[in-house]
Amino acid sequence: MTTHYQEFRLTDPAVVARIVSRWPFAAIIANGPQWPVVAHAPLVVSKTAELADTGPGAVEFHLAKINPAMPHLGDGMAVTLDVQGPSAHVSPSWYKGRFQNDDADRSRTAPTWDYLTLTMRGRLAVLSDAELAAHLVDLVGQSEEENGWRISEIDPGFFSGLRNHILGYRVRIESFECIAKFSQDESETDILGIIAGLCRRNRGQDRSVAELMVSLAAVTG
C-alpha cells in the first residue's frame, strides 16, 4: 500500500522537539462519550531525564480544571496531539518553469496547499504540583523574550493559588507523523516562482512558508 505523501514525511525523532519548540500550540484530542473532545494548549518539551533521550521524547502541557475536556483527560488515557505549522495556498500561476508565459495552457494542473503538520500519540501522566511548577517555569522560559517577564517575579502565594486551578500533564510520545510539504517535488525554477508568489501576496503565513521552502533546516536539522 502506498503511504500518502511519503516523499514529504520526516521520520527523524529529533523533529518533534524542533517543531514543538518553534510552533508549540497544539490541539489535544481524546475520546469522548459520543465523539472526540478537543482542548488547546501550548506544549513544552519535557526535560525529564529518562524521557529526554528516548526516541521522540515527551511533551508537557496544562489546562484549567474547568476546561470541558477535563473529564476525558485522566491519568493513563490515550491522546492525540496535533501541531499545525505554517501553511499556504500555492497557485499554478507561480510555476514559472512549467508555464513560462501568461497565456500558457494550465488546464492539466491545479492549486495545492503547502504545510507542516506534526501528529503525536501517547498516554497522559498527571504532573505532581512540583512537576507542574517546573513545567510553568519551562513554558515561561520558552515563551518570553530575553528581557521579558520572569517567573521569579511572581508572588509565591499567588503562584501556589494559580496552580490550584490548573492541571499539568506529560505525554510520552509513542508514535508520531510529521509531514513537511513545501513543493519539494517541483523543479527549482517552479520553487523560485512559488517563493516569489508567496512573498508578493504576503497574506497569512505566506512568508513563513516561503522561508521554509528556502531552507527546511529549522525542522530537519
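Only the coordinates and a few stated rules stand behind these numbers; no lab work does. Everything quoted here is computed from the prediction, not taken from an experiment. Heads up, the Cβs are rebuilt from the backbone with ideal geometry, glycines too, and the neighbour counts pull from every protein chain shown.
Brief remarks follow.
- For semi-axes √(5λ) of the Cα gyration tensor in Å, calculated from these coordinates, the label among (i) 40, 24, 14; (ii) 37, 21, 14; (iii) 39, 20, 16: (iii)
- Straight Cα distances below 25 angstrom link Lys181 to the lysines Lys96, with same-chain residues fewer than 8 positions distant left out.
- Considering helices alone, the calculated mean residue ellipticity of the chain at 222 nm is -8000 deg cm²/dmol, with DSSP H runs of length four and up weighted by -39500 (n - 2.57) and normalised per residue.
- Full extension of the segment from Ser175 to Arg9, taken as 0.36 nm per residue of separation minus the current Cα-Cα distance, would add 58.4 nm.
- Cross-link partners of Lys47 among lysines (Cα-Cα below 28 Å; sequence separation of 8 or more within a chain): Lys65
- Computed over the chain with a Gaussian network model linking Cα atoms closer than 10 Å, the most mobile of Phe182, Phe61, Phe159 is Phe159.
- Across the options Ala78, Tyr95, Thr109, the greatest Cα extent toward the positive end of the charge dipole of the range 35-131 (unit charges at beta carbon of Lys, Arg, Asp, Glu) belongs to Thr109.
- Once the Cβ-Cβ distance of Asp185 and Ser128 is raised to the sixth power relative to R0 = 35 Å, the FRET efficiency obtained is 0.15.
- Two-site FRET efficiency, Ser208 against Trp149, from Cβ-Cβ distance with R₀ of 22 Å, rounded to 0.05: 0.30
- FRET efficiency, Arg98 to Ala78 (Cβ-Cβ, R0 30 Å, nearest 0.05): 0.10
- Each Lys and Arg Cβ is given +1 and each Asp and Glu Cβ -1; about its Cα centre, the chain then shows a dipole of about 420 debye.
- The mean sequence distance of close C-alpha pairs (under 8 Å, at least 6 residues apart), as a share of the length of the chain, puts its relative contact order at 27 percent.
- Screening the chain for whole DSSP H helices of 18 Å or more along their axis (Cα) with average Kyte-Doolittle hydropathy at least -0.5 returns 129-143, 188-201.
- Taking all Cα pairs closer than 8 Å and separated by 6 or more residues, the relative contact order of the range 2-78 comes to 28 percent.
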